[in-house]
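Participant: Right, I'll just put the structure down here and ask away after.
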Amino acid sequence: MHEYTSNARVWGLSCPGFPEEVSRARRWTRDILRGSPLAEDAELIVSELSANAILHTASGQTSGSFHLALAISPQVIALSVTDDGDTGTAPKVEHQDQEAEHGRGLGMVSALAHRVVVHDSHGGHTVTAELFTEAGPAGGHPC
């Protein structure tokens with residue numbers, strides 16, 4: 001995470017790589033962000049990132065898991081999902097046809113979030129989506 005971590009409150013959750021854990025991740029996010037105007041967007045982001053980890057990485061294999069982190073500062077809500085890797089390629093935002101059945105997850109996350117960062121993490125990948133509060137990361141208003 002970035003400059004906001006020094007004054008952020010941080011939560012973490014590890015989940016086995018079962019599809020039903022996606023709804024658990026959503027509930028966890030909703031409970032933490034209860035009352036925030038960004039809670040619904042955050043839930044959708046966590047849902048997409050968690051599902052992607054299970055569907056496209058070793059997280060969805062036997063004994064696989066994925067890990068969530070939620071950091072809240074006065075300027076930013078940062079949602080991170082770390083997968084178990086083993087895909088050979090890092091997740092990337094691809095603009096898919098609206099009629100496509102798959103492949104729109106990170107595109108949707110990118111549309112909801114103010115910034116999306118993908119980086120390598122202990123053999124896997126971490127996708128972090130940032131939602132800026134009204135103050136924004138530099139004190140200005142978000143786009």
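Participant: How much accessible surface does D86 have with a 1.4 Å probe, in Å² rounded to 10?
Facilitator: It works out to around 120 Å².
Participant: What does the charge count near A71 come to, summing +1 for each Lys or Arg and -1 for each Asp or Glu among other residues with Cβ under 10 Å from its Cβ?
Facilitator: Spelling it out: positives minus negatives among the neighbours equals 0.
Participant: Now a separate question. In nm, give the distance between the simple-model label positions of W11 and L55, each being 7 Å from the Cα along the Cα-to-Cβ direction.
Facilitator: Output for this residue pair reads 2.5 nm.
Participant: Continuing with the same structure: Pop out the ³J(HN,Hα) list for the range 7-23 in order, Karplus 6.51 cos²θ - 1.76 cosθ + 1.60 with θ = phi - 60°, rounded to Hz; leave Gly and Pro as x.
Facilitator: Rounded to whole hertz, the list is 10, 9, 8, 10, 10, x, 8, 10, 10, x, x, 9, x, 5, 6, 4, 5.
Participant: Taking amide H atoms as placed 1.01 Å from N in the peptide plane, list the residues 5 or more away in sequence, or in a different chain, whose amide H sits under 5 Å from that of F66.
Facilitator: Those qualifying (amide H under 5 Å, at least 5 residues apart or on another chain) are C15, G17.
The values are calculated or read from the model by the stated rules, or taken from the named source; none is laboratory data. All of these numbers come straight from a predicted model, not from anything done at the bench. Reconstructed Cβ throughout: ideal geometry from the backbone, glycine too, with neighbour counts over all protein chains shown. Remember, those area values only see protein heavy atoms, side chains included, never the ligands or the DNA or RNA. Shrake-Rupley method; radii C 1.70, N 1.55, O 1.52, S 1.80 Å.
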